[in-house]
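*Asks:* Sharing a structure, written as structure tokens. Questions coming.
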Amino acid sequence: MKPATEHCFHCGLPIAPGIHFEVKIDQQPRAMCCRGCQAVAQAITDNGLSEYYHNRTTLPGQGHEVLPDTLKKLVLYDHPEIQHSFVIDVDAHVREAVLILEGITCAACVWLNERHIKQLAGVRSVEVNYASHRARVSWDTREIALSRILQEIQLLGYNAHPYSALQADALRKTQRKKDLQRIAVAGIGAAQAMMLSVGLYAGNWYGIDPATVVLLRWFGLLLTVPVVTFSAMPFYRAAWSGIKSGHLNMDVPVALAIITAFIGSVWVTLFGGAHVYYDTIGMFTLFLLGTRMLEAGARGKSVESAENLLKLQPAMATRLRGGVNGEQEYVPVMELINGDWILSKPGETLAADAQVMAGESTVDEALLTGESRPVMKRIGDNVIAGSVNLEGPLTLCVTGVGENTVLAGIVRLVDKAQAEKPPLAQLADRVASWFTLALLVFTVLVGALWFWFDSSRVLDIVLSVLVVTCPCALSLAVPAALAAAGSHLIKRGILVTRGHALETLAKVNHVVFDKTGTLTLGKPQVVDTQLFGQYPLARCQLLASSLEQASEHPLAAAFAQTTTMPLLVVTQARNHPGQGVSGYIDGVLYTLGNQAFSTHSELLLSVDLETRYPGATLIWLCDDQRALALFVLADPLRSEAVDAIAGLKARGIAVSILSGDATNTVRHVGAQLGVDTVYGQQKPQDKLALLQDLQRQGAVVAMIGDGVNDAPVLAGAQVSFAMGTGSDVANQSSDIVLLSNKLTDVQQALESGRATLSVMRQNLFWAAAYNLVALPFAALGYVTPWVAALGMSISSMVVVLNALRLR
């Protein structure tokens, strides 16, 4: 007897012999005819939608027919040459990419995508930024391919593709255009429905023909259908996503109110009754859409501030084949790799992070650092993609492109900060979620009581309760304030990289500074010169710079800045480790080094410079007969350090200095700045121990540092700052990065933190007070549905507009 042919459980087609794909549905293994059907069935099951198989009335097409053609094309994103422009190599096998997710409408969408993607074998981490709709995903290439992750996202009903600042901006504009269309339709519908309602309300007082009432209600229905089916669609989608994920978001009562009011109004229009609510539906939808648009604008400001930097990077670059004098070719920036030589002409925007190999020019980095003055760039200096070359041509060697540039790193830090919610925001989210559940339960109880007391007013009361207490203002209270503050700070060159930072800044009462590279510039400079021979200062500086021109020693750079004259030719140049350099210039032997190396430095005993410059390095310039000059090299204070410390102390904030330098040097710096509490010769573990001791005494500490040895203490402080020129490790350990490198911005950040916390508390108080006051009035029948819609919208607008005061 011929065995029965097995059919695909998903599409119903016969399964070819030897083919075996299956999916567990309701704990039962079900056979599939192909991978396409298997993928679709697995997605349906994973999302808790297996009831589909019990309720369907027709069979679908095959899975590979149902899946859009784009799924087949996603495998192209696994190609290394395509990944080059947007994928970061974390280590040998782990990759990280930033994706744009289309279709994100609420926090429930974020939760659903994160939860589903995290379950995939090989996915290390995933963070979805609700404000920017960007997803940062890292995965192990040995276990999963990027195309599989993109497919899984598409099977959830969202569209994912590699992030591009220009594309993200285009998507925002498209979304804004659609939002405006929804608002326009809601506005026209609401205005016309209100005009018809005036006639109905007036008829109740002065009398109106019943046929006219029916006609006006039908006109109201026709005008409200576009509002309900088009303008209010985002609320339905968000509410359904929340219900599917088990997360009761604020769109659930919104959607419930609109649908209930519309169904009730249609019933009255068809079969007669006391009231229709077409005007209320239009007003409610219009006000809510307007408020959401304001809130989206506030959220998007901090995202756009960072993305505006990325949009400055040009699409093309001039590459030099074969080095500085090589043939020029015009190529896309995404084709550049580290080590390529490129040419930047005056007026051009730099295409990549690079090192100057030839040329000299000033560069405008204002949009990155907030510093309005151009920065001089010479051979050996680093330049940043997105900055503008102002004066002369520069030959550059590429050190970073695409996701490996400084600007891309800043956007990653912004993403990380926005993905982390401070405790106050987490509390608001939890309260809003429970409040929504309590509101729905309370609405049912109120409806039941009014049904027993006066059934004719049940729909009126239930709608008023649902609308007036919609927790929109409560959910917007904290995010709106954080977004507005973040946008303001990044424009000043202050980059917040942790979600809790702004809230913690408001509580800081003790600021601890590192010395080298933080209070000081971190680069030795010639701060004084003593002349002993017949040579003038300019000649001595030229001799010293010429001797040091071939040296790799860190102090050599200090002499390069002392003269602009062409350097002299040095013959028989020698480097003497631990002592100095020597060489012949115009037949004369010159030496430049410390006292032990300089045989004619006996005058040192009569020069009391160590007292004036504690910790300074003394360098002697001598010829073969006498000492010519003594150079004093020291790490000078930043120009704004004194004002920054004075400003903090004036506000009652304690200030300390922790440093690994010699104690006498640190005390000297402290004396210059008016800081009494200083600690020198501190190892990283010593700094951390001192910090923890301050915290045990009740101090809320902000730590400002820049070096690798500052990373542990930066991580240990309640809130920490890293200088923008600091090491990558320090920036990763800190909560805030001072891209401007201005210490006075620490005070600005503290003031912004206090203002932000104040606005968040004001918003939460207003949202809670409004709901507590409005709820009893609505439940007792003193608030009509249209007044409830107006009150809910005003409460949300107050919260958003209050947040926008943070400038």
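The values are calculated or read from the model by the stated rules, or taken from the named source; none is laboratory data. Worth saying up front: this structure is predicted, and the values here are computed from it rather than measured. So basically every Cβ, Gly included, is an ideal-geometry build from the backbone, and we count neighbours across all protein chains shown. Just so you know, the surface numbers come from the protein's heavy atoms only, side chains and all, with ligands and any DNA or RNA stripped out. Shrake-Rupley method; radii C 1.70, N 1.55, O 1.52, S 1.80 Å.
*Asks:* Can you tell me which residue among Thr744, Thr784 is under 30 Å from His275 (Cα atoms), among the β-branched types (Val, Ile, Thr) and either free of Cβ contacts under 8 Å to residues at least 12 places away in the same chain or open to solvent by 10 Å² or more (accessible area, probe 1.4 Å) (or both)? It would help to see each step written out before you state the result.
*Replies:* Details: Thr744 fails: under 30 Å from His275 (Cα atoms).
Testing whether each residue is under 30 Å from His275 (Cα atoms), among the β-branched types (Val, Ile, Thr) and either free of Cβ contacts under 8 Å to residues at least 12 places away in the same chain or open to solvent by 10 Å² or more (accessible area, probe 1.4 Å) (or both) leaves just Thr784.
*Asks:* Please name all residue pairs, on different chains or six or more residues apart, with Cβ atoms under 7 Å, provided the first residue is in the stretch 196-210 and is part of a helix (DSSP H, G or I) and the second residue is at pLDDT 70 or above and open to solvent by less than 40 Å² (accessible area, probe 1.4 Å).
*Replies:* Leu196/Leu216; Leu196/Gly220; Ser197/Asp279; Gly199/Leu216; Leu200/Val213; Leu200/Leu216; Gly203/Val213
*Asks:* Out of all the residues in the stretch 505-517, which are crowded, with 17+ Cβ neighbours inside 10 Å and at pLDDT 85 or above?
*Replies:* Taking the stretch 505-517 and keeping what is crowded, with 17+ Cβ neighbours inside 10 Å, we get 505-506, 508, 510-517.
Listed by number, the residues that qualify are Leu505, Ala506, Val508, His510, Val511, Val512, Phe513, Asp514.
*Asks:* So, Leu542, is that one out of contact with any helix residue (DSSP H, G or I) (no Cβ under 8 Å at 6 or more places or on another chain), over 30 Å from Val655 (Cα atoms), at pLDDT 80 or above and aliphatic (A, V, I, L, M) or not?
*Replies:* Values: out of contact with any helix residue (DSSP H, G or I) (no Cβ under 8 Å at 6 or more places or on another chain): yes; over 30 Å from Val655 (Cα atoms): yes; at pLDDT 80 or above: yes; aliphatic (A, V, I, L, M): yes.
So Leu542 fits the description; yes.
*Asks:* Do we find that Ser796 is open to solvent by less than 30 Å² (accessible area, probe 1.4 Å), touching a residue at least 40 places away in the same chain (Cβ under 8 Å), of a type in the set (S, T, N, Q) and not in a helix (DSSP H, G or I) in this structure? Break it down stepwise before answering.
*Replies:* Details: open to solvent by less than 30 Å² (accessible area, probe 1.4 Å): yes; touching a residue at least 40 places away in the same chain (Cβ under 8 Å): yes; of a type in the set (S, T, N, Q): yes; not in a helix (DSSP H, G or I): no.
It is false that Ser796 is open to solvent by less than 30 Å² (accessible area, probe 1.4 Å), touching a residue at least 40 places away in the same chain (Cβ under 8 Å), of a type in the set (S, T, N, Q) and not in a helix (DSSP H, G or I).
*Asks:* Oh, and also: State whether the residues of the stretch 672-691 include one that is modelled with pLDDT of 85 or more, under 20 Å from the mean Cα position of the chain (by Cα) and either more than 30 Å from Gly791 (Cβ to Cβ) or in a loop (DSSP other than H, G, I, E, B) (or both).
*Replies:* Filtering the stretch 672-691 for residues modelled with pLDDT of 85 or more gives 672-679, 689-691.
Then drop every residue that is not under 20 Å from the mean Cα position of the chain (by Cα), which leaves none.
Checked against the condition, which is being modelled with pLDDT of 85 or more, under 20 Å from the mean Cα position of the chain (by Cα) and either more than 30 Å from Gly791 (Cβ to Cβ) or in a loop (DSSP other than H, G, I, E, B) (or both), the stretch 672-691 yields no hits at all.
*Asks:* Can you go through Leu521, Leu543, Leu531 and tell me which one is surrounded by 21 or more Cβ atoms within 10 Å (Cβ to Cβ), in contact (Cβ under 8 Å) with a residue 24 or more places away in the chain and aliphatic (A, V, I, L, M)?
*Replies:* Working: Leu521 fails: surrounded by 21 or more Cβ atoms within 10 Å (Cβ to Cβ); Leu531 fails: surrounded by 21 or more Cβ atoms within 10 Å (Cβ to Cβ).
None of the other options fit; the residue is Leu543.
*Asks:* Please go through the stretch 386-403 and give me each residue that is out of contact with any strand residue (DSSP E or B) (no Cβ under 6 Å at 6 or more places or on another chain) and either without any contact (Cβ under 8 Å) to a residue 12 or more places away in the chain or surrounded by fewer than 23 Cβ atoms within 10 Å (Cβ to Cβ) (or both), ordered by number. Let's see the steps before the verdict.
*Replies:* Within the stretch 386-403, the subset out of contact with any strand residue (DSSP E or B) (no Cβ under 6 Å at 6 or more places or on another chain) is 386, 393, 401-402.
Within the stretch 386-403, Pro393, Gly402 meet the criteria.
*Asks:* Out of the stretch 464-501, which residues are at pLDDT 80 or above and in a helix (DSSP H, G or I)?
*Replies:* Answer for the stretch 464-501, where residues must be at pLDDT 80 or above and in a helix (DSSP H, G or I): Ser464, Val465, Ala485, Leu489, Ala501.
Listed here are the residues, each with its yes/no results for (1) within 30 Å of Lys507 (Cα to Cα); (2) in a loop (DSSP other than H, G, I, E, B); (3) at pLDDT 85 or above; (4) of a type in the set (S, T, N, Q).
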position	(1), (2), (3), (4)
Glu391	no, yes, no, no
Ala408	no, no, no, no
Arg412	yes, no, no, no
Leu427	yes, no, no, no
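*Asks:* Hey, another quick one. Could you please give the count of residues in the stretch 566-592 that are within 16 Å of Ala629 (Cβ to Cβ) and within 51 Å of the chain's Cα centre (by Cα)?
*Replies:* Number of matching residues: 4.
*Asks:* If you don't mind, there's one more thing I want to ask. Where the second residue is surrounded by 13 or more Cβ atoms within 10 Å (Cβ to Cβ) and modelled with pLDDT of 85 or more and the first is more than 12 Å from Gly400 (Cα to Cα) and acidic (Asp, Glu) and lies in the stretch 325-349, which pairs have Cβ atoms under 7 Å and are six or more apart or on separate chains?
*Replies:* Glu329/Arg319; Glu348/Asn389
*Asks:* If a residue has to be at pLDDT below 70 and buried (at least 18 other Cβ atoms within 10 Å of the Cβ) to count, how many in the stretch 157-170 make the cut?
*Replies:* Result for the stretch 157-170: 2.
Matching residues to (1) at pLDDT below 85; (2) part of a helix (DSSP H, G or I):
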{"site": "Ala699", "(1), (2)": "no, no"}
{"site": "Asn709", "(1), (2)": "yes, yes"}
{"site": "Leu714", "(1), (2)": "yes, yes"}
{"site": "Val737", "(1), (2)": "yes, no"}
{"site": "Gln748", "(1), (2)": "no, yes"}
{"site": "Ser752", "(1), (2)": "no, yes"}
{"site": "Leu757", "(1), (2)": "no, yes"}
{"site": "Leu772", "(1), (2)": "yes, yes"}
{"site": "Ala789", "(1), (2)": "yes, yes"}
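*Asks:* Right, something else. For the subset of the stretch 112-156 comprising residues that are in a strand (DSSP E or B) and of a type in the set (D, E, K, R), which member is modelled with the lowest pLDDT? Give the derivation first.
*Replies:* Residues of the stretch 112-156 that are in a strand (DSSP E or B), as a first pass: 123-129, 134-140.
Applying the additional criterion that residues be of a type in the set (D, E, K, R) yields 124, 127, 134, 136, 140.
Working: Arg124: 90, Glu127: 82, Arg134: 79, Arg136: 85, Asp140: 90.
In this case the residue turns out to be Arg134.
*Asks:* Let me ask something else about it. Output yes when any residue across the stretch 550-569 is touching a strand residue (DSSP E or B) at 6+ places or on another chain (Cβ under 6 Å), in a helix (DSSP H, G or I) and at pLDDT 75 or above, and no when none is.
*Replies:* Yes, there is a match, as at least one residue in the stretch 550-569 is touching a strand residue (DSSP E or B) at 6+ places or on another chain (Cβ under 6 Å), in a helix (DSSP H, G or I) and at pLDDT 75 or above.
*Asks:* Separate question: When the residues of the stretch 726-735 are narrowed to those that are in a helix (DSSP H, G or I) and in contact with a Leu (Cβ under 7 Å, 6 or more places away or on another chain), which ends up modelled with the lowest pLDDT? Steps first, answer last, please.
*Replies:* Going through the stretch 726-735, the residues in a helix (DSSP H, G or I) turn out to be 728-733.
Checking the rest, the ones that are also in contact with a Leu (Cβ under 7 Å, 6 or more places away or on another chain) come to 730, 733.
Working: Ala730: 41, Ser733: 58.
Among residues in the stretch 726-735 that are in a helix (DSSP H, G or I) and in contact with a Leu (Cβ under 7 Å, 6 or more places away or on another chain), the one modelled with the lowest pLDDT is Ala730.
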